[in-house]
1. Between the alpha-carbon centers of the range 190-207 and the range 82-104, tell me the distance in whole angstrom.
2. Among the lysines, which have Cα under 17 Å from the Cα of residue 232 when same-chain residues fewer than 8 positions away are ignored?
3. Among 5, 100, rank each residue by its count of other Cβ atoms within 10 Å, from fewest to most, as a rough exposure measure.
4. Just rank 137, 27, 121, 342, fewest to most, by other beta-carbon atoms within 10 angstrom.
5. Residues of the range 1-35 with amide nitrogen under 17 Å from the 7 Å Cα-to-Cβ point of residue 44?
6. Return 167, 46, 212, 197 ranked ascending by Cβ neighbour count within 10 Å, so the fewest neighbours appear first.
7. For the pair residue 284 and residue 245, how long in nm is the line joining their label points, each one 7 Å along Cα→Cβ?
8. Quote to one decimal, in nm, the extra length available between residue 97 and residue 203 on full extension: 0.36 nm per residue of separation minus the C-alpha distance between them.
Amino acid sequence: MSKKIPVGILGATGMVGQMYLSLLADHPWFEAAYLAASPRSAGKKYRDVMAGRWRLEGGWGPAGDLLVEDANDVSKAAAANKEGRCAFVFSALEMEKDEIRTLEEKYAAAGIPVVSNASAHRWTADVPMLIAEVNPHHADIIPAQRKSRGWDKGFIVVKPNCSIQSYTTPLWALLQRGYEIKRLLVTTMQAVSGAGYPGVPSWDMIDNLVPYIGGEEEKSEQEPLKIFGTIKDGLFVNAPEPAVSAHCNRVPVSDGHTACVSLEFGVKKPSIEEVKQIWTTFSALPQKEQFPMAPPRPIIVREENDRPQPRKDRNAGKAMAVSVGRIRPCNVFDLRFVGLSHNTARGAAGGGILNAELLKFKGYL
Ligand SMILES: NC(=O)c1ccc[n+]([C@@H]2O[C@H](COP(=O)([O-])OP(=O)(O)OC[C@H]3O[C@@H](n4cnc5c(N)ncnc54)[C@H](OP(=O)(O)O)[C@@H]3O)[C@@H](O)[C@H]2O)c1
């Protein structure tokens, strides 16, 4: 590709927005060219807004001199789009759900595709909830979405909640090989960066864990069903199973969500060795194109008894791989394992960028 595609980041100052800038700093296809956040940050250069607020180890790349715009002012982004400075936007806004839903639709109506991290449109029946390796075919609802909404160039796609990333791809790999999954019990241990910044008060996190994350258990129990679902008449139809019971906990880890999973198969049950072989060899993206953000292996199987661990494994495969370990029989269901993924990379900005790469590959961007 000769020239990089200029992209916008809505919510560029937040935890996820920072990760977008960091990951896009040397991305071969896309470059951050339009930044927006709340009216509090608007009108200043990014480097000035972020003084004392940048939370990541790497830098923000060449975006420091860009002016931060008000994300609520769609006309600014539409003008940038016309001038060739904003081909599409990554949305990483934290606002009321209804406000985000309306705002993202305004961007799409203005001809600007939206690749979103927010939950606002996850249950909109014509909006795909994409994990690039799992349901890339769901992106093909975009023409129907555009047609029914009267949108010419714009569209909306979302990615799922960060907490389900650490086990959804392994489940899909098993489903793909013909193993039905009937029931699932999952207990997550989620990093504090998942709550944005400043997020959970330090008094609640030091020497402690919090056994409640608002809305997270419902999302964990419902979102896999849309991801494993089908398209009928331009709308998504949920898969009927698995039934999921989720416990979601906030733990004093900076980055990396961990999940302990027990699952029950249908009549056909794979051996432990077969499960490991399926996960080790799983690869779903088209081989003919190298997706820059894709991990070399989407699932990494750890054989050590004490892995995966957030500090040691969250950055595996460009922080985009799901690490699984402790794969063993379950005394109540059939199989137990522990999954781990990086919540602001795989679970947020990295997942969004990989979705955009997929959409570019499919010709939608
Ligand atoms: N953190 C994660 O691991 C994670 C994972 C998956 C999905 N998500 C989702 O990604 C989104 C961003 O999360 P985050 O953790 O990055 O949140 P965050 O750190 O709180 O950042 C929120 C961003 O939204 C902007 N914003 C807030 N109020 C606004 C308003 N009224 N108008 C316009 N912009 C406004 C903020 O701008 P200012 O700085 O100017 O206030 C900031 O850029 C959320 O929808 C979240 O659910 C997060």
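Every read-out reported here was derived from the displayed coordinates using simple, explicitly stated rules and does not represent laboratory data. The structure displayed is predicted, hence computed values, not measured ones. Don't worry about glycine lacking a Cβ; one is built from the backbone with ideal geometry, like all the others, and counts go over all protein chains shown.
1. Here the answer is 26 Å between Cα centres.
2. Straight-distance partners of residue 232: 147.
3. Details: 5 17, 100 21.
Ordered from fewest to most neighbouring Cβ atoms within 10 Å, 5, 100 come out as 5, 100.
4. Details: 137 12, 27 19, 121 22, 342 32.
With the sparsest Cβ surroundings first, the list reads 137, 27, 121, 342.
5. Output list for this probe position: 11-15, 18, 35.
6. On the way: 167 28, 46 23, 212 10, 197 14.
Placing the least packed residue first, the sequence is 212, 197, 46, 167.
7. 2.7
8. Details: separation 106, 0.36 × 106 = 38.16 nm, distance 2.76 nm.
So the extension gain works out to 35.4 nm.
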